[in-house]
Amino acid sequence: MLSLSQALKHYFGYDCFRPGQEPAIAAALANRDVVAIMPTGGGKSLCFQLPALLKPGLTVVVSPLISLMQDQVVALQARGIGATFLNSTLGWQEIKARENDIFQGKTKLLYIAPERLLSPKGLEFLDAVKEKVGISSLAIDEAHCVSEWGHDFRPEYRQLGSLRRRYPDIPILALTATATQRVRKDIIQQLSLRNPEVNVSSFNRPNLYYEVIPKQKQSYAQLLQLIKRQKGSGIIYCLSRKKVEEVAFRLQKDRILALPYHAGMSDAERTENQTRFFQNEVQIIVATIAFGMGINKPDVRFVIHYNLPRNIESYYQEAGRAGRDGNPSRCTVLFGWGDLRIVNYLIDQKENPQEQRMSRQQLQKVVEYAEANECRRKMQLSYFGERFIGNCGSCDNCCNPKPTEDWTIEAMKFLSCVARCEERFGMNHIIDVLRGGVGKKIEQYGHHLLSTYGIGKDKTVDEWKNLGRSLVFQGLVDETADGYSVFKLNAQSWEVLKRQKQVFIPVNSAPQTSTRKFEAD
Ligand code: ADP
Ligand code: ZN
């Protein structure tokens, strides 16, 4: 019997496991349910591929995109591993042949889309496979798609929950590159996982340099300059199809090899442009977010957001398409107030008030990210509940730090106000109490009677906000945000309150948001 690392070497030729792989694989081999959360490029596939090879029977892999399936199957077949997919691109004879191979036990991994799997025929087929060769596990790739709280909810994924009821004894492996706490919980609940091994790898991508640059009036010229300083492949993300077309066209005129990519183009055109990008015939792809999941070009050297990202999570994903080969790469956001106005307008158009509120909150986080003087890496990771300590040495704010000031006293005021308000309120209310506001809400809760009422009149609202955000990024207070933001104290907050910890924050020299002029886009 091969040891795990021998099996890794034997089947895949790798010398060692990446962080998070081994515990997930061990749990899968013990027939436990698994949730593996790893950043893009972290090596999620191996977590179900290796167990599939070591266990008897077929592993069924649910995957949302045909291109993803094909890539993985081709890669496995190249290693001599029996893998196949079933989807609508195949003729019925081909499907029969593949099904036959499965029944004869020649196939270890079957990739399939959720709607196909869950169709009456799909389930019938699954029953037959289970009967004849056995099913070793169900692997659900891109598992965040089951959650409405994620950034890519797919209703057909939600139906996957029925598989547990139908096949209670088949272990389920859920894999994703994106999951906030909330989405994690949702995955476990929606798929009815039983005491799963939950493995969260670090989301830090040390080879990526993050920066935010204020967008100038002549924003296209600025973009061109940014592109010219770069070598290698790049992705430019824009908000609209129109903008994509326009930017690609102007770049071409400026003798930059660039092609557009957006959902309004035909499949054929998109595939063609993507292929030419992959084969380095063009340097740049200008894209809407339609250019997303499944983009696996390892040597993308830079990603520029010409317009604002929709939220931090998408930003992390989109920027994360850079540097998958581990080499240094640059992620730039061009931040303009004109864009903000457009996104706000788009949000106003939404009909569902709940959705509107969530979008607004997410946008607010993006603005905070763009405006902050904190380490960009720290901010991104804190969004995923991960703490990053110290200077990352690879973002604009760490490389050109703004001066910091000792705000321990103010932090103590802030945190004790959070405590006095019973950890049930968010930024605006806490600041309102600190500054001695006279609103209805304050009176309603009797917060004008608190000892912290009005003790922060010496600082402006923006200064308090700067502190509050900084406390969150530094992990000195927790902020839950399921629609409304609420501050909760954590162990570190108490250290501050007990004077066991000093608080330094970057002082914001930037002009204040509310008074800043919009600029042309
Ligand atoms: P993800 O699905 O998490 O984005 P993949 O599973 O596609 O990532 O893996 C990314 C790359 O890393 C692939 O080329 C894969 O072959 C490689 N890889 C995975 N695990 C290892 C390992 N233990 N050692 C070396 N390379 C690995
Ligand atoms: Zn940093």
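The values are calculated or read from the model by the stated rules, or taken from the named source; none is laboratory data. Here the structure is a predicted model, which means the values were calculated and not measured. Neighbour counts are summed over all protein chains in view; Cβ atoms, including those assigned to glycine, are modelled from backbone coordinates with ideal geometry.
Among the residues making up region 397-413, those that are touching a Lys or Arg at 6+ places or on another chain (Cβ under 8 Å) and not acidic (Asp, Glu) are Asn397, Cys398, Thr408, Met412. Restricting region 374-395 to residues that are farther than 28 Å from Gly456 by Cα, at pLDDT below 95 and charged (D, E, K, R) leaves a set whose member that is surrounded by the fewest Cβ atoms within 10 Å (Cβ to Cβ) is Arg387.
Results for (1) touching a Lys or Arg at 6+ places or on another chain (Cβ under 7 Å); (2) under 23 Å from Leu54 (Cα atoms); (3) of a type in the set (A, V, I, L, M, F, W, C); (4) within 16 Å of ligand 1 (Cβ to nearest atom), shown as yes or no for each residue.
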position: Glu131; (1), (2), (3), (4): no, yes, no, no
position: Ile140; (1), (2), (3), (4): no, yes, yes, yes
position: Ser147; (1), (2), (3), (4): no, no, no, no
position: Pro155; (1), (2), (3), (4): no, no, no, no
position: Arg164; (1), (2), (3), (4): no, yes, no, no
position: Pro168; (1), (2), (3), (4): no, yes, no, no
position: Leu173; (1), (2), (3), (4): no, yes, yes, yes
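Could you please let me know if Gly264 is part of a loop (DSSP other than H, G, I, E, B), at pLDDT below 90, out of contact with any strand residue (DSSP E or B) (no Cβ under 7 Å at 6 or more places or on another chain) and of a type outside the set (D, E, K, R)? Answer is no for this residue.
As for region 345-367, it holds at least one residue that is buried (at least 20 other Cβ atoms within 10 Å of the Cβ), within 28 Å of Arg250 (Cα to Cα) and under 15 Å from the mean Cα position of the chain (by Cα).
Residues checked against (1) at pLDDT 95 or above; (2) out of contact with any Asp or Glu (no Cβ under 8 Å at 6 or more places or on another chain); (3) within 26 Å of Lys132 (Cα to Cα); (4) within 16 Å of ligand 2 (Cβ to nearest atom):
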residue	(1), (2), (3), (4)
Pro19	no, yes, no, no
Val34	yes, no, yes, no
Thr40	no, yes, no, no
Lys44	no, no, no, no
Pro56	yes, yes, yes, no
Val60	yes, yes, yes, no
Pro64	no, no, no, no
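Among the residues making up region 438-481, those that are touching a strand residue (DSSP E or B) at 6+ places or on another chain (Cβ under 6 Å) and assigned to a strand (DSSP E or B) are Asp478, Glu479, Thr480.
In the set Glu405, Glu410, Glu422, which member is in a strand (DSSP E or B), more than 27 Å from Gly234 (Cα to Cα) and more than 29 Å from the chain's Cα centre (by Cα)? Checking each option against the conditions leaves just Glu405.
Within region 371-383, residues that are among the aromatic types (Phe, Trp, Tyr) sit with their Cβ atoms under 8 Å from residues that are more than 10 Å from ligand 2 (Cβ to nearest atom), at 6+ positions apart or across chains, in these pairs: Tyr383/Thr180; Tyr383/Ile312; Tyr383/Glu313; Tyr383/Tyr316; Tyr383/Lys365. Just one of the listed residues (Ser382, Ser416, Ser359, Ser394) is within 30 Å of Arg499 (Cβ to Cβ) and either touching a Lys or Arg at 6+ places or on another chain (Cβ under 7 Å) or within 16 Å of ligand 2 (Cβ to nearest atom) (or both), namely Ser382. For Lys402, the criteria (1) within 16 Å of ligand 2 (Cβ to nearest atom); (2) out of contact with any strand residue (DSSP E or B) (no Cβ under 7 Å at 6 or more places or on another chain) hold in every case but one, which is (2). Considering (1) within 16 Å of ligand 2 (Cβ to nearest atom); (2) among the hydrophobic types (A, V, I, L, M, F, W, C); (3) surrounded by fewer than 17 Cβ atoms within 10 Å (Cβ to Cβ), the lone condition that Ala263 does not fulfil carries the number (1).
Here's the yes/no breakdown for (1) surrounded by fewer than 22 Cβ atoms within 10 Å (Cβ to Cβ); (2) free of Cβ contacts under 8 Å to residues at least 40 places away in the same chain; (3) touching a strand residue (DSSP E or B) at 6+ places or on another chain (Cβ under 7 Å); (4) in a helix (DSSP H, G or I):
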| site | (1), (2), (3), (4) |
| --- | --- |
| Leu90 | yes, yes, no, no |
| Arg98 | yes, yes, yes, yes |
| Glu124 | yes, yes, no, yes |
| Val129 | yes, no, yes, yes |
| Tyr157 | no, no, no, yes |
| Pro168 | yes, yes, no, no |
| Leu173 | no, no, yes, no |
